[in-house]
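To start, the structure itself, in structure tokens.
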Amino acid sequence: MKPTGIQLVGEFIQCDSEILNDRERLEALLQEGIQVSGLHVVKMTSHQFHPVGVTVVAIVSESHIALHTYPEAGHMSLDIFTCSPSDRNPWRLYHFLAEKLQPKTQRVVKIIRGNPIYIEQNGYLSAFSVNGFEVRYYVKENLFSKRSRYQRINIIENDTFGRMLFLDNEVQIAEYDADLYNRNLLRPFLGRKLPPKHVAILGGNNGGLLHHLLSMGVEKISLAEIDPDVIDAVKKYLPSVHRGAFDDPRVEVVIAEPIDFLRNRSGFDGLVYDLTTYPEAFVHRERETYFDEVFSLVRKSVRPGGIISIQCCSEFDRETRDLFDRLLKKHFGFVDYHEAYIPSFCENWVFASTIVPGQKAEVPLREEILAEVS
């Protein structure tokens, strides 16, 4: 699971001891703070310790909040954990409590919950991983950071890889090897004598695929992306990747969830799949069920004989590779794989390709697809 929550862990030092030992006053204060911060109380409980000390816990629809006081030391520890779509809500509550309690000193850290779990600190960004290791990237400059309706968007500058796009801490593309990644994803199309006329892209929000397909002579490209904020950020901060391709008249950008897009479109001559392989956070469905429907709709949307090219996963993510292998063979009969080392990912990446079966031959021959991509 990708990061889905923000947790603020703070310490208020040298507060008014009388307030810290007043259970009813602290409950009322937390109730007011939750309301003004845009969070929503489900249930609140508290306990007065003897001789001193109070604990107040609130269950909120976004998760939970806990206050623990040590009046004898003028100290309060607080824990604010929310899955709110905006980071502003937990910070509003934190600052509200600080304003009311007036600590002389504050200490707070922001923890990103999910996978990875890490303490946010200036200078580094940890990448999402389901493998037995974690990669951290040095942030020379944080160019863009925003929590959209769907995900956390970060664009950073790195000394080695240049500008990099992350969505929910998953590396999407880097200037250093964007062409390498996109050429590998488009390899089945690069070997064809004539380019397909109309290609659909699911994802591809960095625009690099658009640039390469246009360079091949594709007449029309329909790109489906769920999050317009990503497109806007990429246009401004990653021009070396998209090279102005979003503004080409042959490009149609459709803001839609891929399944909705595929339900309403058909007749494509080819399709490029460049979506996340861990979409649970915003589709709210079990992965296998979701991808099964996606690939079923892909087969219906692409003409018989049309090539499907897919970015799969890390070479170490056997669970996803096995899942894709099972589903692709179910819907297309055959799938071919190749791997390529992507330096900014720090690992080999797996790519897959297949052909939509025709009416006469429901299962394409291996030689047929290999001839297309060789």
Please find, within the range 16-52, the residue that is modelled with the lowest pLDDT out of those that are crowded, with 19+ Cβ neighbours inside 10 Å and part of a loop (DSSP other than H, G, I, E, B). Leu39
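Per-residue answers, yes or no, for (1) modelled with pLDDT under 95; (2) assigned by TED's automatic domain parsing to the domain that holds Arg187; (3) touching a helix residue (DSSP H, G or I) at 6+ places or on another chain (Cβ under 7 Å); (4) surrounded by 19 or more Cβ atoms within 10 Å (Cβ to Cβ):
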{"site": "Leu262", "(1), (2), (3), (4)": "no, yes, yes, yes"}
{"site": "Phe268", "(1), (2), (3), (4)": "no, yes, yes, yes"}
{"site": "Ala281", "(1), (2), (3), (4)": "yes, yes, no, no"}
{"site": "Arg287", "(1), (2), (3), (4)": "yes, yes, yes, no"}
If you take the residues of the range 294-324 that are more than 20 Å from Gly358 (Cα to Cα) and in a helix (DSSP H, G or I), which of them is farthest from the chain's Cα centre (by Cα)? Asp322
Pairing a residue in the range 132-148 that is closer than 17 Å to Ser344 by Cα with any residue that is part of a loop (DSSP other than H, G, I, E, B) and small (Gly, Ala, Ser), where Cβ atoms lie under 8 Å and the two sit 6 or more apart in sequence or on different chains, gives Glu134/Ala127; Val135/Ala127; Val135/Ser129; Arg136/Ala127; Tyr137/Ala127; Tyr138/Gly123; Val139/Gly123
For Leu328, work out the one condition from (1) touching a helix residue (DSSP H, G or I) at 6+ places or on another chain (Cβ under 8 Å); (2) closer than 21 Å to Ser222 by Cβ it doesn't fulfil. (2)
For Ile59: the one exception among (1) surrounded by fewer than 20 Cβ atoms within 10 Å (Cβ to Cβ); (2) under 12 Å from Leu20 (Cα atoms): (2)
Yes/no for Ile201 being crowded, with 20+ Cβ neighbours inside 10 Å, among the hydrophobic types (A, V, I, L, M, F, W, C), in contact (Cβ under 8 Å) with a residue 12 or more places away in the chain and not assigned by TED's automatic domain parsing to the domain that holds His338: no
Subset tally (residues that are among the small types (Gly, Ala, Ser) and in a strand (DSSP E or B)) for the range 162-219: 4
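The values are calculated or read from the model by the stated rules, or taken from the named source; none is laboratory data. The structure presented is a predicted model; accordingly, all values stated were derived computationally and were not measured. Every residue, glycine as well, gets a Cβ built from its backbone with ideal geometry; the counts of neighbours run over all protein chains shown.
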